[in-house]
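Working notes for the structure below.
The values are calculated or read from the model by the stated rules, or taken from the named source; none is laboratory data. Given the structure is predicted, the values throughout are model-derived calculations rather than measurements. Cβ placement follows ideal geometry from the backbone for every residue including glycine, while neighbour counts extend to all protein chains displayed. All accessible areas refer to the heavy atoms of the entire protein, side chains included, with ligands and DNA or RNA removed. Shrake-Rupley method; radii C 1.70, N 1.55, O 1.52, S 1.80 Å.
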Amino acid sequence: MASERLDRIRLSGDVPNHVAIIMDGNGRWAKQRGLPRQLGHREGMKSVRETIEGATEAGIKIMTLFAFSTENWNRPQKEVASLMSLLRRYARKELDSLKRQGVEVHVLGEAERFDDRTRDAVAMIVDGTKGGGTLRLNLMISYGGREEILRSVKILAERVAQGELTVDDLDEDVLHQTLFTVNVPDPDLLIRTSGEYRISNFMLWQIAYTELHITPILWPDFNREHLFEAVLDYQRRDRRFGLIGVS
Ligand code: IPE
Ligand code: IPE
Ligand code: MG
């Protein structure tokens, strides 16, 4: 279906290269309907599909989705199990369509915490989509921004201790090379659904100069038009990066 918003995005031309999303509000969506929380998560998978399609239509090259945080491991065991099961189901169900669309999937986070079945499902979707050139999709699972930075610090400290690097060699580029998002440019736009004005430990290093778009829409209700709306909002911003900008 032709989208008037998509036309406007194309006319403006300045499409964000990398869009990240904190997909929040599945539980509230379910609660409003008197349904168990896991049905909210399941419904949220449709929004993931929509968002990926919308991203390719708009010409976004990198999409990063926050699917499960380090802190989310502390939710009730039943909910954690159902989220892991949903991830495995997503990998099985979506592999062919992601391949067809040219989506290359990366799963970033502390993968050592996954159980064997989940690890296999992740390997299948990552290996199966390798080489997709339309969109790079980063699924952030078992991910926390502080843990990521701490992990980098440990890697670099170890290299210095081994004599591979000196303290003077350390700079932003060197640190970037040790992050889960190695070789991925920082997000241009970060969207958070469900109206919460917080970052919840997401990509703390990478969002230093990212534009923020917060929408009250709950994640299961989020569709491509909401994505386009966020991109249009982004296109109205004046990104100054600490400089004085154009007047
Ligand atoms: C987001 O929805 C999905 C995950 C964090 C895994 P929530 O489960 O956080 O939903 P709310 O915030 O309780 O509505
Ligand atoms: C952030 O949502 C994590 C993900 C979307 C995966 P949460 O629901 O876990 O965050 P808080 O608790 O509202 O900060
Ligand atoms: Mg939440």
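Structure summary
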{"read-out": "Residue list for region 25-40, restricted to those being in contact (Cβ under 8 Å) with a residue 12 or more places away in the chain and either open to solvent by less than 20 Å² (accessible area, probe 1.4 Å) or among the basic types (Lys, Arg) (or both)", "value": "Gly25, Gly27, Arg28, Ala30, Arg37, Gly40"}
{"read-out": "Of residues in region 98-111 being touching a residue at least 12 places away in the same chain (Cβ under 8 Å) and over 22 Å from Arg146 (Cα atoms), the one surrounded by the most Cβ atoms within 10 Å (Cβ to Cβ)", "value": "Val105"}
{"read-out": "Enumeration of residues in region 58-97 that are assigned to a helix (DSSP H, G or I), open to solvent by 40 Å² or more (accessible area, probe 1.4 Å) and farther than 25 Å from Leu227 by Cα", "value": "Glu71, Trp73, Asn74, Gln77, Lys78, Ala81, Ser85, Arg92"}
{"read-out": "Index of the failed condition, Ala161 passing every other in (1) without any contact (Cβ under 8 Å) to a residue 60 or more places away in the chain; (2) surrounded by 16 or more Cβ atoms within 10 Å (Cβ to Cβ); (3) not in a loop (DSSP other than H, G, I, E, B)", "value": "(2)"}
{"read-out": "From Ala230, Ala208, residue being under 23 Å from Phe66 (Cα atoms) and open to solvent by 50 Å² or more (accessible area, probe 1.4 Å)", "value": "Ala208"}
{"read-out": "In region 24-44, the residues that are near ligand 1 (Cβ under 9 Å from one of its atoms) and not in a helix (DSSP H, G or I)", "value": "Asp24, Gly25"}
{"read-out": "When residues of region 59-91 are limited to those that are of a type in the set (A, V, I, L, M) and touching a strand residue (DSSP E or B) at 6+ places or on another chain (Cβ under 7 Å), the one nearest to Val15 (Cα to Cα)", "value": "Ile60"}
{"read-out": "Residues located in region 42-57, provided they are within 16 Å of ligand 3 (Cβ to nearest atom) and open to solvent by 20 Å² or more (accessible area, probe 1.4 Å)", "value": "Arg42, Glu43"}
{"read-out": "Every residue from region 2-16 that is of a type outside the set (Asp, Glu) and either more than 16 Å from Leu189 (Cβ to Cβ) or part of a helix (DSSP H, G or I) (or both)", "value": "Ala2, Ser3, Arg5, Leu6, Arg8, Ile9, Arg10, Leu11, Ser12"}
{"read-out": "Residue count, region 164-205 (criterion: within 16 Å of ligand 1 (Cβ to nearest atom) and either surrounded by 13 or more Cβ atoms within 10 Å (Cβ to Cβ) or not in a loop (DSSP other than H, G, I, E, B) (or both))", "value": "12"}
